[in-house]
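Worksheet: the structure to be examined is printed underneath.
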Amino acid sequence: MIKASDIMTKDVATIRSSATVAEAIKLMQERGWRGLIVDRRHEQDAYGIITETDIVYKVVAFGKDPKRIRVHEIMTKPCITVNPDLGLEYIARLFADNGLVRAPVIQGTLLGIISLADILAQRTLIEQPQSVVWEQDIQTATQQARSICAEAGVTSQACLAAWNAVDEIQSEASHQQAKKLLKTAFEEYCEEFPEATRSRMLDNLCSG
C-alpha cells in the first residue's frame, strides 16, 4: 500500500508566524513552492500553513501591502495534518472532505508536505486503480478460502478463519470505496453450503 511517507516532499521549510507575507512570497519564489508550513512557537503549539491561495485571496485581492501584513494574519492554524503511515486513498479522501490542496506530514515533528500533485503523480492510480487491486485481493482470498474449506471441511475452524479473512478484506474495500456491500463472498458461499452458516453461528455463540 502506498503511504504518505512514500510520496511526500521531504524538502520542506518552515516560516515564522511573525514574518511578513513579502518574506513568505520571496521564500516560495526562491524554492518554487506553493505553500509554507508555519513553525510552532513551542512544542505544545500547533503547526500552521500559508499558501499562495491565502496570499492572493487575502492580500492581493484587497490591495494590501505584503510588507505590512504578517503571516499569522492570513495563515490557517491549526492546519490539518497527515500521518506518514496513512494510505493513499485515505489521504485523497481527507483532501476531498476538507478541500485541501496540501498538508504537512507530521509524526511528532514535521517530516514533509504532501499535495494534490504528489497524489496525482502516482502512475499506479492510472495503471492499476485501487479498486482493481481490491477486487484482485478479494478474488485471491476467496479462492484460498474455498480451497481450504474443500480440504479441511465446510464446518472446520480453518474454513471459518479463511472466510473471516475474506470478510475483513471486503469490509475494508467497501469502506475505502464508500460502496455498500450487498452480499459478501461468504454469503454467496453459504448459498452453496448452508452448513457453513450454521457453523459460524455456533462459533459466534461459543466465542461470545
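The values are calculated or read from the model by the stated rules, or taken from the named source; none is laboratory data. Quantities reported herein were computed from a predicted structural model and do not represent experimental measurements. In this analysis, Cβ positions are derived from the backbone assuming ideal geometry, glycine residues included, and neighbour counts consider all displayed protein chains.
Taking the stated definitions as given, is G63 of a type outside the set (K, R) and touching a residue at least 12 places away in the same chain (Cβ under 8 Å)? Answer is no for this residue. Counting only residues that are in a loop (DSSP other than H, G, I, E, B) and surrounded by 16 or more Cβ atoms within 10 Å (Cβ to Cβ), which one in segment 85-107 is modelled with the lowest pLDDT? Per the criteria, the residue is L100. When segment 40-52 is filtered for residues that are outside any strand (DSSP E or B), out of contact with any Leu (no Cβ under 7 Å at 6 or more places or on another chain) and under 15 Å from I80 (Cβ atoms), only A46 remains. Does segment 18-28 include one or more residues that are over 23 Å from I91 (Cβ atoms), part of a strand (DSSP E or B) and modelled with pLDDT of 95 or more? Yes, there is a match, as at least one residue in segment 18-28 is over 23 Å from I91 (Cβ atoms), part of a strand (DSSP E or B) and modelled with pLDDT of 95 or more. One residue alone among Q144, Q176, Q136 is at pLDDT below 80, loosely packed, with under 15 Cβ neighbours inside 10 Å and not assigned by TED's automatic domain parsing to the domain that holds L86, and that residue is Q136.
Residue check: I37 meets all listed conditions (1) out of contact with any strand residue (DSSP E or B) (no Cβ under 6 Å at 6 or more places or on another chain); (2) crowded, with 18+ Cβ neighbours inside 10 Å but one, namely (1).
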